[in-house]
1. If you add up the charges near PHE231, with Lys and Arg at +1 and Asp and Glu at -1, over every other residue whose beta carbon is less than 13 angstrom from its beta carbon, what do you get?
2. Counting only C-alpha contacts under 8 Å and six or more residues apart, can you give the relative contact order of segment 253-328 as a whole percent?
3. If you filter segment 195-285 for GluC sites (Glu not before Pro), then keep DSSP loop positions with at most 15 other Cβ within 10 Å, what is left?
4. Bin by bin, in steps of 5 Å, what percent of the Cα pairs in segment 23-166 do you find, going until the bin that has the longest distance?
5. I'd like the projected area of segment 312-410, averaged over all directions, using the convex hull of its alpha carbons. Report it in nm² with one decimal.
6. Among residues other than ILE35 whose Cβ falls under 13 Å from its Cβ, what is the net charge (Lys/Arg +1, Asp/Glu -1)?
7. Hey, can you rank 219-229, 203-213, 176-186 by average C-beta count inside 10 Å, highest first?
8. Evaluate the charge dipole of segment 129-266 about its Cα centre and quote only its size in Debye, nearest 20, assuming +1 on the Cβ of each Lys and Arg and -1 on the Cβ of each Asp and Glu.
Amino acid sequence: MDNPSVNKPLNLGIAGLGTVGIGVLRLLQNNQKTITNRAGRPIRIHAVNAKNRHKNRNIDLTTFKWYEDPLDLATDPDIDVVVELIGGANGTAYELVCEAIKNKKAVVTANKALIALHGNELAKMAASQNVPLLFEAAVAGGIPIIKTIKEALAADRLIEIGGILNGTCNYMLTTMTRTGRGFEDILKETQQLGYAEADPSTDIDGLDAAHKLAILASLGFGYTFNFKDIFVEGIRNISPHDIHYAQELGYTIKLVGMAQYHSENKLELRVHPALLPQSSPLARVNGVINAIRTKGEFSGYLMLEGAGAGEGPTATAVCADIIDIARGNTIPMWGTDWNELRPATLVPNSDFNKAYYIRLIVEDKPGVVADIATIFKKNNVSLRSLLQHKNHMTTDSENTVPIVLVTHKNRESSLLKSLKAIYDLPAILEKPIMIRIEEP
């Protein structure tokens, strides 16, 4: 896309007038003078689109052209930038972005699923048409992590990226920790507050965090990979008991997304609950806040923390991309030419090398702990500590007791093999609970 004249307005077509779309309209209107000064040219909303034209959005839309079909934004000759805020990896959002690029229009999107699943294809299309495709708002709302990796860390080689990538899960786990209430109870509250959807599975099963992690890994490491190979585990099985024991052991439970560079063409990408040391910066990130930490060979550790969603923060990220386009400051979508990305293989969870928290419900009788220890020893799993509180958990029998074990770092395949054998013991009354421990 050629550098624009500083006098020519940049005309936008916005598809999707939900929370973020309305936020973008408000921000562009309320901060018009500041945005014009910083962009070096006026930025104007030329046309908009949404499913329901007559919905009350508490904002005047009469000055904008209205399109019933969002794809018409892609062919309007007066539109310079298509802002896609519809959402979803496929369907209308995907079609709109493709059509906009084909018609040589710049694209700004907040659609993490679209970029995670189709990013390299869209990068190739954008490069072939010489138009920018920017997506700062697709990861962690108002945290400028995309720009940080693309620009501030452009000279460094990253070896770790990750953190707390989903505000819904972080709010739920924070509230469970503070109140001792159960998962289902907190989930209902989270939905009532608007932090979780009616169908919360994308958040609580880890898919939302996985989309964000995939984007960060491609951008930070310069590799492509199969999204389906990312290890993803949600928070449905986290109980107040596990949170209590974690605290007693000096940990806090969080849902984390972590990407690590192992070697040439080999990456580790995983989303799962983890015990974090209470002294670690990520453990202190509470509520709906997100936090992302990078580690570079020269820059070392850097952590950015802030609102990961919401009208204002996400709209700010969308507008930052629009201002970059207005200035003519555009960088290839992945920070480098799309054909420079190399294919990578993802490490399977069986090859993870971590410490683990394990909770067992057992019959309180002699020899049980010895049988468990024998199985771990047979599979070369080294134990670090054992915690037992007969009176903490309510059970149906006075002869039932919880046992909490913490291991040293072990290969996960060895641990899983051990847990399978332990579950077969007659004295084990419930399926073992296993949570990974994330330590420096």
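The values are calculated or read from the model by the stated rules, or taken from the named source; none is laboratory data. Here the structure is a predicted model, which is why all the values come from computation and not from measurement. Virtual Cβ from ideal backbone geometry, glycine too; neighbours counted across all protein chains shown. These accessible areas exclude ligands, DNA and RNA; they are computed on the full protein's heavy atoms, side chains included. Shrake-Rupley method; radii C 1.70, N 1.55, O 1.52, S 1.80 Å.
1. Local charge sum for PHE231: -2.
2. Computed over segment 253-328, the figure is 17 percent.
3. Loop-located and lightly packed - GLU197, GLU264.
4. 2, 8, 15, 20, 21, 17, 11, 4, 2, 1
5. Dividing the Cα hull surface by four gives the mean projection, 13.0 nm².
6. So the environment of ILE35 carries a net charge of +4.
7. Descending mean neighbour count gives 203-213, 219-229, 176-186.
8. The calculation lands at about 260 debye.
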